[in-house]
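The block underneath contains the structure these notes are about, expressed in structure tokens.
Values quoted throughout were computed directly from the atomic coordinates according to the rules given, and no laboratory measurement underlies them. Computed from a predicted model, the values in this text were never measured in an experiment. Virtual Cβ from ideal backbone geometry, glycine too; neighbours counted across all protein chains shown.
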Amino acid sequence: MHATRPVQSPARLLLALALAVPGAAFAYGTQDAIRDCESRIRSEYGISDLRDATAVQLSDSEKHFKVEGKAKVDGKKHHWSCEVKNRHVIQAEYDGPKPEGMSTAAKLAVGAAAAVAAGVAISEANKHGGESHSSSGGSGSAGAAGLQDLVGARASSGEAELESRGYTYAKGEKGGGSSYTNWRKGSHCVTVRTVDGHYKSIVDVTMLDCE
């Protein structure tokens with residue numbers, strides 16, 4: 001009689017491969033750094049046409065990348081740069097012109113409009129005997145979309161408001177004249193960029209950034 005060899009399932013084979021090559025299943029490379037940096041530039045500066053991005057892994061012991069690229073605005077290309085450390089974007093800079101409608105004043109106006117909309121929604125809920133969510137989620141949207149009314153706020157009062165809305169501080173870093181703090185709530189993770197003591201922007205990031 002011939003001995004029957006056990007047949008391993010694909011899941012077992014993948015697990016064995018991952019264990020044989022530590023970090024292979026969770027590798028983070030230049031393309032990942034480019035993706036994360038482009039996402040930050042798009043969300044923070046309102047730029048959609050990004051191209052010619054390149055990434056270089058810096059020679060230290062951490063997952064440290066320097067990413068550069070071009071943003072096309074009004075038919076012209078302008079330089080942007082970004083730095084990633086341990087899968088987290090710690091610095092993103094763009095000094096070219098902003099697309100129409102995305103100036104700082106416009107961003108603040110969007111935040112103010114969100115606050116007004118939240119107030120109207122709360123007022124209507126109270127009229128109909130509904131439950132007010134003013135202290136647990138801003139405009140009611142999940143993640144950064146529900147926190148835009150905090151853009152422009154002082155950092156101290158912004159942190160207190162984030163905590164009152166159920167967010168928990170995860171970690172923080174500084175770079176390029178700005179500080180970045182990560183906050184977690186349930187399955188959402190957001191990064192708050194603070195400049196000169198005031199919240200400059202609030203964007204959604206992956207849950208890895210809150211670990």
**Prompt:** Using modelled amide H (1.01 Å from N, peptide plane; none on Pro or chain starts), what sits under 5 Å from the amide H of G176, excluding residues fewer than 5 places away?
**Reply:** none
**Prompt:** Across segment 189-195, in residue order, what do the Karplus-derived ³J(HN,Hα) couplings come to in whole Hz, using 6.51 cos²θ - 1.76 cosθ + 1.60 with θ = phi - 60° and x for Gly and Pro?
**Reply:** 10, 10, 10, 9, 9, 10, 10
**Request:** Would you mind working out the magnitude of the charge dipole of segment 28-94 relative to its Cα centre, with +1 at each Lys and Arg C-beta and -1 at each Asp and Glu C-beta, to the nearest 20 Debye?
**Result:** 160
**Item:** Among I41, Q31, H78 - extreme Cα towards positive end, dipole of segment 28-94, charges at beta-carbon
**Value:** H78
**Fill in**
From fewest to most C-beta neighbours within 10 Å, the residues W183, W80 line up as W80, W183
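Full extension from R35 to E211: what is 0.36 nm times the residue separation minus their Cα-Cα distance, to one decimal in nm?
Contour length minus Cα-Cα distance gives 61.4 nm.
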